[in-house]
Amino acid sequence: MMGSQELYEHLRTGATHVARCWIIRRSDGVSFGFTDHDQPLEIDGIICEANGGLTASNLQQSTGLAVDNTEAFGALSSVSVTEADILAGRFDGAEVESWMVNWDDVNIRVLNFRGSLGELQRQGGAFQAELRGLAEVLNQPKGRIYQRPCSAILGDAACRFDLEIPGYFVNAVLDNDIAGVNFSFTDMDQFEDRWFERGRLVVLSGDAAGLKGLIKSDRMVGQDRVVSLWQELRANLKAGDEVKLIAGCDKSTTTCRLKFDNFLNFQGFPHIPGEDWMMAYPNSSDPNEGASLFASE
């Protein structure tokens, strides 16, 4: 790509051929392009649709660590941004780039904004999206949490547990349509009761492919396994769709050691004193020999 200097020189001529282009990259790998030019433009292999119905208000940008933000507006389209995809959360956190380009040669361009999609609102067949700048991540809490339960997420880089180990997941095909939080599975009694509680349900196929739900409860009811989610998936599932159930972890030392055999990677502090420790005092009925207050595990 040519540097921005060529575009600035073009702007100084007074007769400019410039347009704005927006590129949206979702976390599932799907990309979209839009432009306010009257003809489609291609940037890095992505076709920016002309008259795609996407516009953006003036960019608010600053130096320092202040969060840059703006808003994008557009019409819901069956071939680009659909209401179903917004409801399903497929655009949540998507990467956004805004370019000013010379439509005669799109290699002559300058990046005006880079960030992510924030809150999305729908109304009257249109959407309104908040654009968040790169400094937004600096507002998020970082650092180690000192607490008794494990602070890692099962299977992440800190936990290091391999979720593909047989016995800790199962794939199942739905035998009826589901539009809610409750799932029922047959022939799945090889797992203990509550084995998937606090785990995840991942949709592998169908219109809801890629969506995930956190499992609130997992119970054996007769010969059926009933799994309930904390929140309803934002897309209906149909008979024949395949889902994946991943074992759950309550982040306790006992579960980490006995269920997953992963205590070496436990990220909690089970022996950290609680708030009541500060009010403790010697008691003549206690041993008071200086030994550990916790029984060995």
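Read-outs throughout are calculated quantities, based only on the coordinates presented, and are distinct from any laboratory measurement. No experiment lies behind these values; they were computed from the predicted model shown. Here Cβ is always computed from backbone atoms with ideal geometry, including for glycine, and neighbour counts include all displayed protein chains.
Give the long-range amide H neighbours of V18: residues separated by 5 or more places, or on another chain, with amide H under 5 Å away, using H modelled in the peptide plane at 1.01 Å from N.
So V18 has HN proximity to W103.
Dividing the alpha-carbon Rg of the chain by 2.2 N^0.38 Å yields what?
1.37
Expressed as a rounded percentage, what relative contact order does the chain have, with Cα pairs under 8 Å and six or more residues apart?
Relative contact order here is 15 percent.
Order of 245-252, 189-196, 279-286 by packing, highest average Cβ count within 10 Å first?
Averaged packing, sorted descending, gives the order 245-252, 189-196, 279-286.
Looking only at P166, P149, P270, which one moves most when the chain is put into a Gaussian network model with springs between Cα atoms under 10 Å?
P166
Y168: net charge of surrounding residues, Cβ under 10 Å, Lys/Arg +1, Asp/Glu -1, itself excluded?
Neighbour charge sum, excluding Y168 itself: -1.
What number, in percent, do you get for the relative contact order of segment 149-297 if the mean sequence gap of Cα pairs under 8 Å and at least 6 apart is divided by its residue count?
Computed value for segment 149-297: 30 percent relative contact order.
Using a cut-off of 12 Å between beta-carbons, work out the net charge of the residues near T16 (Lys and Arg +1, Asp and Glu -1, T16 not included).
Net charge around T16: -1.
Once R0 is set to 25 Å, what does the formula 1/(1 + (r/R0)^6) return for the Cβ-Cβ distance between S4 and Q121, expressed as a FRET efficiency to the nearest 0.05?
My answer for the efficiency is 0.15.
Within straight cross-link reach of K251, meaning Cα distance under 22 Å, which lysines are found once same-chain residues fewer than 8 apart are removed?
Partners found: K142, K212, K216, K259.
Taking a label point 7 Å from the Cα of L204 along the Cα→Cβ vector, which residues of segment 236-275 have an amide N closer than 14 Å to it?
240-247
Which of the trypsin sites (Lys or Arg not before Pro) across segment 125-156 are loop residues per DSSP, with 12 or fewer other Cβ within 10 Å?
Passing sites in segment 125-156 are K142, R144.
Relative contact order of segment 169-246, please, whole-number percent, based on alpha carbon pairs below 8 angstrom and at least 6 residues apart.
The value is 47 percent.
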